[in-house]
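Below: the structure, in structure tokens.
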Amino acid sequence: MLFDPFPTLETERLMLREMMLSDQDDLFKMRADPRMHVYTDTTPDERVEQTNVYIEHMRKGVAENRWIIWAIAQKETNRVIGSVGIWNIDETKHSAELSYGIAPDYQGKGYMAESLACALDFAFQTMRLAALEAYTEADNTPSRKLLEGLHFAEVDRVDDTSADGKRVYHMIDYRLELPK
């Protein structure tokens, strides 16, 4: 699987493109927002340098073909409002895991459904994956509805303890298989 050249994807309103250091301000604003971390075992970035480390880590993983992650940018403004990734790629099983996030100010406007539909097409048609999994916290109703609207089916429930041991996340494992 080679992500070189980086595959830029386009929807009606969005560009799914390579994440760049020049996106640091938009990504910092998103990653620093506590609302982005309610359902995940992550903490808000406190300094833009943390965001830069994240961007470089994501870019390195793409360069090493370990995953692909797109910055979701609005076509009109080129502002980054979220990201979509395909990672934990298992070439023997032709499967991977989907990750996604969108800045709270842009939630509920259909941007993520638009982005994910495009990323799913890439995963199944270009990467030739047979299945994708996605995990979301049971209390994250908008994320659950999003996945179910894209025809993901619940396959398991897993309790996951946070890294600090202070919280238990009730995760739902969703799966989407390549349409036959």
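Looking at the range 1-86, which GluC sites (Glu not before Pro) are in a loop (DSSP not H, G, I, E or B) and have at most 11 other Cβ atoms within 10 Å?
Passing sites in the range 1-86 are Glu12, Glu46, Glu64, Glu76.
At 222 nm, what value in deg cm²/dmol follows for the chain if DSSP H runs of at least 4 each add -39500 (n - 2.57) and the sum is divided by all its residues, to the nearest 500?
Counting only the DSSP helices, I get -7500 deg cm²/dmol.
So for the pair Leu21, Val38, with labels modelled 7 Å out along Cα→Cβ, what separation do we get in nm?
Computed distance between label sites Leu21 and Val38 equals 3.5 nm.
Taking the dipole about the Cα centre of the range 27-143, with the C-beta of Lys and Arg at +1 and of Asp and Glu at -1, give me whichever of Trp87, Pro34, Tyr111 is farthest to the positive side.
Working it through, the farthest residue towards the positive pole turns out to be Tyr111.
If I require 15 Å or longer along the helix axis, counting alpha carbons, and a Kyte-Doolittle average no lower than -1.0, what helices from the chain are left? Use full DSSP H segments.
Long hydrophobic helices here: 48-63, 111-121.
Which entry in (i) 26, 20, 15; (ii) 54, 21, 13; (iii) 22, 22, 17 matches semi-axes √(5λ) of the Cα gyration tensor in Å derived from the coordinates of this structure?
It is the one labelled (iii).
Of the lysine pairs in the range 23-138, how many meet both conditions: Cα atoms under 25 Å apart, and a spacing of 8 or more in sequence or different chains?
Total qualifying Lys-Lys pairs in the range 23-138 comes to 5.
Rounded if a/c is under 1.5, else prolate if a/b beats b/c, else oblate: with a ≥ b ≥ c from the C-alpha gyration tensor eigenvalues square-rooted, which is the range 1-65?
prolate
Test of understanding: what is the full-extension gain from Glu154 to Asn65, defined as 0.36 nm times their sequence separation minus their Cα-Cα distance?
The Glu154-Asn65 span can extend by a further 29.2 nm.
Decide, for the range 64-111, between rounded, prolate and oblate: order the square roots of the alpha carbon gyration tensor eigenvalues as a ≥ b ≥ c, take rounded if a/c falls under 1.5, and otherwise choose prolate if a/b is larger than b/c, else oblate.
prolate
Beyond 24 Å, what percent of the Cα pairs of the range 76-180 remain?
27 percent
Taken together, the values in this text are just the output of simple stated rules run on the coordinates, not laboratory data. Small disclaimer: the values here were computed from a predicted structure and weren't measured. Backbone-built Cβ (ideal geometry, glycine too); neighbour counts: all protein chains shown.
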